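Scroll down for the structure; my scribbles are underneath it.
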Amino acid sequence: MLSKKIEDILNEQIEKEGYSSNLYLAMAIWAETNGYAGISKWLYAQAEEEKLHMLKFIHYINERGGHAVVPAFKQPPKDQKSIKSMFEEVFKHEQFISESINQIVAATIAENDFTTQSWVQWFVTEQIEEEAQVSEILDKLNLLGENNLYLFDRDIMSMRAGGGTPVA
Ligand SMILES: [Fe+2]
Ligand SMILES: [Fe+2]
């Protein structure tokens, strides 16, 4: 059985994963409507992954005797300045999510909830991969500059772990 404190912090993470999904969806739409088919595909896949993360939290809370809550989501930005600044935002957002996962780990230790502590380790590892993946994309964008994104747009999907299939 989850303590109220752990149930609350896990419910807050539902909002963060759900917002991540909506944020990447909005970015995917912007990329798609600006001619970046490959980048938009990457972002749509990313949005799907974040939705799966949200569902993981929902199912875990319910399985452990809590009650998951679907929150209101704030509207993500509709437009982006550039591909590079967009991926800088993705990177910042993933760092924010990593910090929030760390706070969950700290809360489970404070509450002696070792079951949740062990369960949430999957997200600790996932965040390492997510940050590494986006950091690699930013390295490539820094090499390319803003002008020649044709090949980048063509190849970005091959940079996904698992070749673009969302991993549950
Ligand atoms: Fe996530
Ligand atoms: Fe993520």
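The values are calculated or read from the model by the stated rules, or taken from the named source; none is laboratory data. This one's a predicted model, so the numbers in the text were calculated from it and none came from an experiment. Glycine gets a Cβ as well: all are built from the backbone with ideal geometry, and neighbour counts include every protein chain shown. With ligands, DNA and RNA removed, areas are computed over all heavy atoms of the protein, side chains included. Shrake-Rupley method; radii C 1.70, N 1.55, O 1.52, S 1.80 Å.
General remarks:
- Efficiency of FRET between SER3 and ALA132 - r from beta-carbon atoms, R0 41 angstrom, step 0.05: 0.80
- Sites VAL105 and HIS67 - FRET efficiency at Förster radius 25 Å, r taken between beta-carbons, to 0.05: 0.65
- Counted charge near PHE152, where neighbours are those whose Cβ lies closer than 11 Å (Asp, Glu -1; Lys, Arg +1): 0
- Spin-label model, TRP122 to ASP79: label points 7 Å out along the Cα-to-beta-carbon direction sit 4.0 nm apart.
- Entry for the stretch 1-82 at q = 0.14, 0.26 Å⁻¹: log10 I(q)/I(0) = -0.52, -1.11, Debye formula applied to identical alpha-carbon scatterers, no solvent contribution.
- Average accessible area per residue (Å²) across the stretch 96-143 - probe 1.4 Å, nucleic acids and ligands excluded: 52
- Cβ-defined net charge surrounding LEU52, 15 Å radius [Lys, Arg +1; Asp, Glu -1]: -3
- Each label was represented as a point 7 Å from its Cα along the Cα-to-Cβ direction; for ASP139 and ASN34 these points are 2.4 nm apart.
- Whichever lysines have a C-alpha closer than 25 Å to that of LYS5, once near sequence neighbours (fewer than 8 apart) are set aside: LYS16, LYS51, LYS56, LYS74
- Accessible area of the chain belonging to carbon and sulfur atoms, whole % at 1.4 Å probe: 55
- Bins of 10 Å from zero: percent of alpha-carbon pairs in the chain: 10, 38, 31, 16, 5, 0
- Loop-located trypsin sites (Lys or Arg not before Pro) in the stretch 50-93 (DSSP state other than H, G, I, E, B) with a sparse environment of at most 14 neighbouring Cβ atoms within 10 Å: LYS74, LYS78, LYS81.
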